[in-house]
Amino acid sequence: MDRNQITGFALLAALVIGYFLYNNHEQKVFQEKKIADSIAYAVAHPHAKVDSSMALKAGTTTTANPVADSLAEALRKSQPAAFNGTREIVTLENKKLSLQFSTKGAYPVAANIKGYKTYDQKPLYLFNGPNNYLSAILPYDNGRSTADLYFVPVMKDEPNGDKTVDFAADLGGGKRVDIKYTLPADDYMMRCSISLTGMSASSLPITLQTYGLQTEKDVTVERGGSGVTQIYYKNKNGDGDYFSLHAEEKTIHDDGTALWIGFRKQYFSTALINDDGFTKMDVKFAAKTDSNKADSNVVAQYQAKMDLPLKAGSNEQIASLKWYIGPNDYRTLQAYKIGLDDMVPLGYGIMAFVKYINKFALIPFFYFLASFINSYALIIMLMTVFIRLILSFFTYKSYLSSAKMRVLKPELDELRAKIGDDQQKFSMEQMKLYKSAGVNPLGGCLPMLFQLPILLSMYYMFPSFIEFRQQHFLWCNDLSTYDSIYNFGFNIPFYGDHISLFTLLMTASSLFLAIYNRNMTPQDPNNPMMKYMPFIFPIILMGVFNKMAAALTFYYTFSNILSIAQQFIIQKYFINEKAIHAQLQENKNKPVTPSKWSQRLEEMQKMQAERAKVPPRKK
């Protein structure tokens, strides 16, 4: 290779190296200029969504590029504070509640209700986890949600003992969101206010989502069995409704003004209240049935979307809420005087009338006894005795009527032998005998009907009262649920997977009472099924009540025992069948003034007898 060739190659190499150095420098300048332009745009438009990937990408092209790194950091810092931050958890608590809040979104993610434990004696959380939130859609940036914002919390103890946390989110450009929660020193009702600065709207769309957790022994009951997990709401005019949760998701719509909406589990509830009322309420809810997933302790999921009216302040718009998180304690809910006590089911549907018996008679008496008696089992017994004493007059009338029927049975047997198989004629003669002796054939039934509303009232009251929860009595560890003495490990159709001893005792005492009544009450030979119904019915109810609260089955058991004792005392010491027989024979000699009802009944029987004599027409 000669000298000229060497010189040519050297110049060519220098040219290539120079080109690459120049091209790399130009690309670096271009990238830095592009990043600088993005930063300048972000500074000029602080609310615009700026893609910072270029700055980050530029920073990764060279592992040590301080210019790109500083530009990316400047881009991040140029955005409003509400869009940058780290999610943290802050706790607000009083004597009754301990609430954990997320600084991202400024909403409670966990609610521990103090003073109560789960069925397995763990801290009781009504909800706990990131799926629980309260968010609002702001009139800003095409409807940005507060759930996406980072808030700065400020905790404060008020002089009256209240605890507050004020979450502030600076959106830049004079726009700001404040969400303040106030927890009174000794209450389950939290106050919440949402303040918007630099933004304007007539209402604020909000969403509340709750995933209720298992707190009781039988999760299948909590997940909708017997209607214990429900959605309630009440409008400002006093109207309201409730919905039981089922496996399938359901949605309800209400265009009225809802004063509050509540998510009720068996013994604990959460309710969102606005004194000015919500509008355009949409609620989705469903019971959770899949127990194989990681969140198998979730009982039900609930989401409510509502419009929250805003009020104008000095330089802001404000919305106020109240949020109940606590037990379904009847007195506690009633004290708020907005109908929250409706979430304690005391009778609904066709049995709605019994809730008035509970509210105005049985519940006041229950709390009167509870004011000086600590044993709730003893309270049940005293209530049963008191009710039996109140109804003793009707019970006596029923047994007296049965005694009159027994006294007249020999005469009825003579009539049947005389008349034969003519049932219609026998019925007419039977009514004449009853009328002449002064016996009302319905006298034994009507007094018993007065006891039925009391039995139904107890059926609703005892399983709904949280006072029975985790109260011990004899072998029962919890009067609010069934008293299982043996678990099969498998399910028996129409019965269950366990044996409830109080249910067995209730069934046995019902059968004994049926046998006792059968011996004391004359039987109708023309209706043999009635002889067996008193025995079949308790067997059927055994399967129904096997999962019921032990407080209820204990009440029915004790009530049956009192009925047996009461019937024995009345029959032995207050009813003299010889004297009754003499009185009935004396009544026969008195002139009878037939009632209009008996006259009409007798006329109907005569008409039927005449029709029976007319032979059918030939076709």
_Residue list for the range 463-497, filter: assigned to a strand (DSSP E or B) and either closer than 18 Å to Val221 by Cβ or assigned by TED's automatic domain parsing to the domain that holds Gln121 (or both)_ = Cys476, Ser484, Asn487, Phe488, Asn491, Ile492, Gly496, Asp497
*Those residues that are in contact with a Pro (Cβ under 8 Å, 6 or more places away or on another chain) and either part of a helix (DSSP H, G or I) or under 16 Å from Phe386 (Cβ atoms) (or both), I need them from the range 543-565; list them, please.*
Ala551, Leu552
*Got a number for residues in the range 159-175 being closer than 15 Å to Glu316 by Cα and among the hydrophobic types (A, V, I, L, M, F, W, C)?*
3
*Scan the range 401-410 residue by residue and report those that are over 22 Å from Leu455 (Cβ atoms) and surrounded by 15 or more Cβ atoms within 10 Å (Cβ to Cβ).*
Ala403, Lys404, Met405, Arg406, Val407, Leu408
*Subset of the range 437-452 that is surrounded by 15 or more Cβ atoms within 10 Å (Cβ to Cβ) and part of a helix (DSSP H, G or I) - its residue that is modelled with the lowest pLDDT*: Pro447
_Positions within the range 339-349 being touching a residue at least 24 places away in the same chain (Cβ under 8 Å) and either surrounded by fewer than 18 Cβ atoms within 10 Å (Cβ to Cβ) or in a helix (DSSP H, G or I) (or both), in sequence order_ = Leu340, Asp342, Met343, Tyr348
_I need a count of the residues in the range 265-293 that are crowded, with 19+ Cβ neighbours inside 10 Å and either modelled with pLDDT of 90 or more or over 18 Å from Asp239 (Cβ atoms) (or both)._
13
*Is it fair to say Ile387 is over 22 Å from the mean Cα position of the chain (by Cα) and closer than 19 Å to His472 by Cβ?*
no
_Looking only at the range 113-129, how many residues end up being part of a strand (DSSP E or B) and under 16 Å from Phe468 (Cα atoms)?_
3
_Residues that are in contact (Cβ under 8 Å) with a residue 12 or more places away in the chain, within 16 Å of Ile466 (Cα to Cα) and either of a type in the set (Gly, Ala, Ser) or not in a helix (DSSP H, G or I) (or both): does the range 369-376 have at least one?_
yes
*In the range 255-286, what residues are free of Cβ contacts under 8 Å to residues at least 40 places away in the same chain and in a loop (DSSP other than H, G, I, E, B)?*
Asp255, Gly256, Thr257
*Only one of these is surrounded by 18 or more Cβ atoms within 10 Å (Cβ to Cβ) and among the hydroxyl-bearing types (Ser, Thr, Tyr): Ser375, Ser398, Ser371. Name it.*
Ser398
*Got a number for residues in the range 142-186 being within 17 Å of Leu92 (Cα to Cα) and surrounded by fewer than 14 Cβ atoms within 10 Å (Cβ to Cβ)?*
10
*Can you tell me which residue in the range 475-515 is surrounded by the most Cβ atoms within 10 Å (Cβ to Cβ), limited to those that are on the phi > 0 side of the Ramachandran plot and in contact (Cβ under 8 Å) with a residue 24 or more places away in the chain?*
Gly496
*Say we look at the range 542-575 and pick out the residues that are within 16 Å of Ser457 (Cβ to Cβ) and of a type in the set (A, V, I, L, M); which of these is surrounded by the fewest Cβ atoms within 10 Å (Cβ to Cβ)?*
Met548
_Exclusive hit being surrounded by 13 or more Cβ atoms within 10 Å (Cβ to Cβ), of a type outside the set (Val, Ile, Thr) and outside the structural domain of Leu204 (by TED's automatic domain parsing), set Leu382, Leu333_ = Leu382
_If the requirement is being of a type in the set (D, E, K, R) and either free of Cβ contacts under 8 Å to residues at least 60 places away in the same chain or outside any helix (DSSP H, G or I) (or both), which of these qualifies: Lys418, Lys425, Lys404, Lys409?_
Lys418
*If only one of Pro139, Pro153, Pro159 is assigned by TED's automatic domain parsing to the domain that holds Ile273 and in a strand (DSSP E or B), which one is it?*
Pro153
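The values are calculated or read from the model by the stated rules, or taken from the named source; none is laboratory data. Computed from a predicted model, the values in this text were never measured in an experiment. Here Cβ is always computed from backbone atoms with ideal geometry, including for glycine, and neighbour counts include all displayed protein chains.
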